[in-house]
Amino acid sequence: MIRKLKLFVALFLIILVSSISNEVINHKVFAEENIDIWDLFPAKKGKSWKYLSKTVNSKSTYTITIENEIQEGDYKIFEGTIIEDGKRKEEFKVYEEDDVLWIKEGKDEFPVLKRPIEEGTSWEYKYDDNSESECEIIDTSCTLKINGKVYENCVVTREIIKNNMGGLYSEKEGKYIKVLRYRVNIRYFCPRIGPVYFKRYTPEDLSNIEDYKKVKATDETILIK
């Protein structure tokens, strides 16, 4: 009886170790695949994401739901709505154009991803208020632990927005100098899930933007469902 028990335990341990090894290998293989922009925003009719949004002064929840899928030539367009705290807030759209993934929330429209999905891929954009945006993929294998969940192989983008606040006269230099205000947006996309985390902060300058994991956010959006 004892011998049989020992054999059973040994067999169980072999199966357990084997299953753990397979899990690690699968994660590794998936991390090495060529990830596309639609893998990072897997939109389809009926798909929804629920988020918790936090600012310094408020909290709210909102849900993005995809309701329609449209094909225009080679491009796909997904349309839906944003429901905030149980009330319809605004229309939502996500679409691809020239290897760039765009999002439209109400009247706001901006690019969030670009092919190829690799570190260093960058793009620029100018908002309606003439603020200038510089975006870049800064990580493609980030593990994010937040809200009791773990998201592996996340793609992280950084957006630096420069707002021209006008001129300030410098007595030292004897002339007006341009005054810029910065906003930095960090977005996390998890393959096969979508956008899982967003944070924004407003540095006085750009000297400390490299360590994006440690900076304290003024605004956060967290996937909760």
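Read-outs: derived from the displayed coordinates by stated rules, not from any lab. Worth saying up front: this structure is predicted, and the values here are computed from it rather than measured. Don't worry about glycine lacking a Cβ; one is built from the backbone with ideal geometry, like all the others, and counts go over all protein chains shown.
Observations, loosely collected:
- The residue among Ile70, Asn163, Ser58 whose Cα reaches farthest toward the positive pole of the charge dipole of segment 33-223, with charges on the beta-carbon of Lys, Arg, Asp and Glu, is Ser58.
- About its Cα centre, the dipole of segment 33-223 is roughly 980 debye, where the only charges are +1 on Lys and Arg Cβ and -1 on Asp and Glu Cβ.
- Placing unit charges on each Cβ (+1 for Lys and Arg, -1 for Asp and Glu) gives segment 33-223 a dipole about its Cα centre, and among Trp123, Phe189, Ser133 the Cα reaching farthest toward its positive end belongs to Phe189.
- Counting charges near Leu52 (Lys, Arg +1; Asp, Glu -1) among other residues having Cβ under 10 Å from its Cβ returns a value of +3.
- Mean-position separation - Cα centroids, segment 107-123 and segment 190-225, in angstrom: 15
- Per-peptide packing, taken as the mean over residues of other Cβ atoms within 10 Å, places 144-156, 118-130, 52-64 in the sequence 144-156, 52-64, 118-130 from highest down.
- Set Lys54/Lys126; Lys54/Lys87; Lys199/Lys225; Lys50/Lys114; Lys89/Lys214 screened for pairs whose C-alpha atoms are more than 28 Å apart: Lys89/Lys214
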